[in-house]
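Accompanying notes for the structure given below.
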Amino acid sequence: MAENNAQNKAKLISETRRRFEAEYVTEKSEKYDPRDVERLQQDDNWVESYLHWRHNVVDETLKMLDESFQWRKELSVNDLSESSIPRWLLELGGIYLHGYDKEGNKLFWIRVKYHIKDQKTIMDKKKLIAFWLERYAKRENGKPITVMFDMSETGLNSIDMDFVRFIINCFKVYYPKYLSKIVIFDMPWIMNAAFKIVKSWLGPEAVSLLKFTSKNEIQEYVSVEYLPPHMGGTDPFKYSYPPLVDDDFQTPLCENGPIASEDETSSKEDIEGDGKETLETISNEEQPAQSEKSNPTESASKRDENEKVDSKTKPFKKPLSVFKGPLLHISPAEELYFGSIESGEKKTLIVLTNVTKNIVAFKVRTTAPEKYRVKPSNSSCDPGASVDIIVSPHGGLTVSAQDRFLIMAAEMEQSSGTGPAELTQFWKEVPRSKVMEHRLRCHTVESSKPNSLMLKDSVSALSDKTSEDLYLQRS
């Protein structure tokens, strides 16, 4: 069944590409950005997102692509940057990304009270919406987003139905499959009639995504940690610019405590030594603390010896899913699976495989740095080699679907050193455009966990596979 579905999807994607090229591009090529046309031929997920929204009806999908591509060229979406948006609009704080809902979807905040209906500025505001959505889409590649329409303290001069319709169209036509829901907070009664019109714009398939809330209901969708005080939450976040509000990824706890800053280089064991940490080392560290106290010299000696073993020689079971990036292949591809407290197994494994001919430096960041121990969190990976990263909740803290991890990677010069000082300097100097980024969500497995993604299962399978299974080279 799964194989048939995959084949049918591939046929629909192929037909969509072929017909769009033949029926639209040949006649309207000047109305499209060539980069979008090229991406359509290469990115299966992008084509599938349009097909999904149009219920796999190719004729309707082609019309949607035509409208979307024309819009993208008119707004120069591929070229939007901070410099494209007036500084005062970025400083205003009326539109930004911050926090997550209870399902782990990113929150897209629209603070309606900061919007004044004005034809002179409406195009800049539309570009700001497109800028944030395109920025998110490039990073998250199809992961849903929750729109937070905060209508508290809103007056009639802030109500702009043209702008609301533009936002609806962004998700209905321009960024299909990205909308999780629209949470409308504290809507004035005078807007009841207007939002009946909004429902007609959304269409029957999306009306159920509208959630009208007050302070009593909003916590059904967003926990207090990501709600501002006026919504009954505890989030201390206050918008400011510059810099751009981002995901706020920070350095997690290392095995021996938190890293205070990017420049701290004294903890050689946490940074340099971590790069050679293997599953066997972690398994040894899980032995009862009492035995280590009884003979600390012997324990330290064994640990040092284990750290000298190259990770390429350590076999482990091949993970289920792999994200194939230009510098690193990352497994799992999207979600980190943690066991529940009741199951007794809370650690999980990330495997990085270097598919370049150079050393690749990497860092691991998280949105909940006080919650997780990550080892290693800042190291490097040799060409063709794999590095195992152990992630475990700290101090009995609970894994949340809102938590995120960010893997950052960049190629190093052959002559570059990989010690703590060299890595610190490297990350200060490497251009942002040279950095590969990949994000992972968190998921708690209660009873049936994916065996190959849990650390205990990976350790028990040491004799089953060799690490050669993961040495995926560029062809």
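The values are calculated or read from the model by the stated rules, or taken from the named source; none is laboratory data. Keep in mind that this is a model prediction, so the values were computed, not measured. Cβ sites come from the backbone with ideal geometry, for glycine too, and all protein chains shown count toward neighbours. Side chains are part of the model used for accessible areas, which takes the heavy atoms of the whole protein and leaves out ligands, DNA and RNA. Shrake-Rupley method; radii C 1.70, N 1.55, O 1.52, S 1.80 Å.
Annotation: Phe171 fulfils all but one of (1) in contact with a helix residue (DSSP H, G or I) (Cβ under 9 Å, 6 or more places away or on another chain); (2) open to solvent by less than 20 Å² (accessible area, probe 1.4 Å); (3) part of a loop (DSSP other than H, G, I, E, B); the unmet one is (3). Annotation note: Cβ proximity below 6 Å between a residue of the range 115-130 that is in contact (Cβ under 8 Å) with a residue 12 or more places away in the chain and a residue that is of a type in the set (Phe, Trp, Tyr) and part of a helix (DSSP H, G or I) (sequence gap 6+ or interchain) occurs for Lys126/Phe166. Can you find, within the range 147-168, the residue that is modelled with the highest pLDDT among those that are open to solvent by less than 30 Å² (accessible area, probe 1.4 Å), in a helix (DSSP H, G or I) and among the aliphatic types (A, V, I, L, M)? Checked the range 147-168; the qualifying residue modelled with the highest pLDDT is Ile167. Looking for something under 13 Å from Lys106 (Cα atoms) and either more than 31 Å from the chain's Cα centre (by Cα) or not hydroxyl-bearing (Ser, Thr, Tyr) (or both) - is there at least one such residue anywhere in the range 148-168? Yes, that holds for at least one residue. With respect to Asn192, is the statement that it is surrounded by 15 or more Cβ atoms within 10 Å (Cβ to Cβ) and in a helix (DSSP H, G or I) true? No: the conditions fail for Asn192.
Every condition in (1) in contact (Cβ under 8 Å) with a residue 24 or more places away in the chain; (2) hydroxyl-bearing (Ser, Thr, Tyr); (3) closer than 19 Å to Glu134 by Cα; (4) part of a helix (DSSP H, G or I) holds for Ser83 except the one numbered (1).
On the stretch given as the range 52-76, residues that are without any contact (Cβ under 8 Å) to a residue 60 or more places away in the chain and assigned to a helix (DSSP H, G or I) total 12. Scanning the range 102-116 for residues that are under 20 Å from Glu334 (Cβ atoms) and surrounded by fewer than 21 Cβ atoms within 10 Å (Cβ to Cβ) yields Lys102, Glu103, Gly104. For the residues Pro144, Pro176, the requirement of being without any contact (Cβ under 8 Å) to a residue 60 or more places away in the chain and either touching a Phe, Trp or Tyr at 6+ places or on another chain (Cβ under 8 Å) or surrounded by 18 or more Cβ atoms within 10 Å (Cβ to Cβ) (or both) singles out Pro144. The residues of the range 34-51 that are in contact (Cβ under 8 Å) with a residue 12 or more places away in the chain and either aliphatic (A, V, I, L, M) or touching a helix residue (DSSP H, G or I) at 6+ places or on another chain (Cβ under 9 Å) (or both), listed by number, are Arg35, Asp36, Val37, Leu40, Gln41, Asp44, Val47, Glu48, Tyr50, Leu51.
Sort out which residues of the range 8-23 are charged (D, E, K, R) and open to solvent by less than 70 Å² (accessible area, probe 1.4 Å), and write them in order of number.
Of the residues in the range 8-23, the ones charged (D, E, K, R) are 9, 11, 15, 17-19, 21, 23.
Once the filter is applied, which keeps residues that are charged (D, E, K, R) and open to solvent by less than 70 Å² (accessible area, probe 1.4 Å), the range 8-23 yields Glu15, Arg17, Arg19.
Every listed requirement among (1) under 30 Å from Leu62 (Cα atoms); (2) within 24 Å of the chain's Cα centre (by Cα); (3) open to solvent by less than 10 Å² (accessible area, probe 1.4 Å) is met by Val198 save one, (2). In a residue-by-residue description of the range 440-456, the property of being open to solvent by less than 10 Å² (accessible area, probe 1.4 Å), modelled with pLDDT of 75 or more, within 19 Å of the chain's Cα centre (by Cα) and within 18 Å of Glu335 (Cα to Cα) applies to at least one position.
Annotation note: Cβ proximity below 7 Å between a residue of the range 418-432 that is farther than 15 Å from Met408 by Cα and in contact (Cβ under 8 Å) with a residue 60 or more places away in the chain and a residue that is among the acidic types (Asp, Glu) and open to solvent by less than 70 Å² (accessible area, probe 1.4 Å) (sequence gap 6+ or interchain) occurs for Gly419/Glu272; Pro420/Glu272. Given the structure, is Asp124 more than 30 Å from Lys324 (Cβ to Cβ), assigned to a helix (DSSP H, G or I) and at pLDDT 90 or above? Yes. Among the residues of this structure, Glu269 does not count as one that is assigned to a helix (DSSP H, G or I), open to solvent by 40 Å² or more (accessible area, probe 1.4 Å), of a type in the set (Asp, Glu) and at pLDDT 70 or above.
Residues that are within 30 Å of Thr16 (Cβ to Cβ), over 24 Å from the mean Cα position of the chain (by Cα) and among the aliphatic types (A, V, I, L, M) within the range 47-102 comprise Val57, Val58, Leu62, Met64, Leu65, Leu75, listed in sequence order.
Of all the numbered requirements in (1) under 23 Å from the mean Cα position of the chain (by Cα); (2) within 28 Å of Glu91 (Cβ to Cβ), Thr234 misses one, and that requirement is (1).
For (1) surrounded by 13 or more Cβ atoms within 10 Å (Cβ to Cβ); (2) over 30 Å from Phe405 (Cα atoms), each residue gets a yes or a no:
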{"residue": "Val25", "(1), (2)": "yes, yes"}
{"residue": "Asp33", "(1), (2)": "yes, yes"}
{"residue": "Glu48", "(1), (2)": "yes, no"}
{"residue": "Phe69", "(1), (2)": "yes, yes"}
{"residue": "Glu74", "(1), (2)": "no, yes"}
{"residue": "Leu92", "(1), (2)": "yes, no"}
{"residue": "Tyr100", "(1), (2)": "yes, no"}
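Can you find a residue in the range 8-30 that is within 22 Å of Glu134 (Cα to Cα), touching a helix residue (DSSP H, G or I) at 6+ places or on another chain (Cβ under 7 Å) and among the acidic types (Asp, Glu)? Among the residues of the range 8-30, not one is within 22 Å of Glu134 (Cα to Cα), touching a helix residue (DSSP H, G or I) at 6+ places or on another chain (Cβ under 7 Å) and among the acidic types (Asp, Glu), which makes the answer no.
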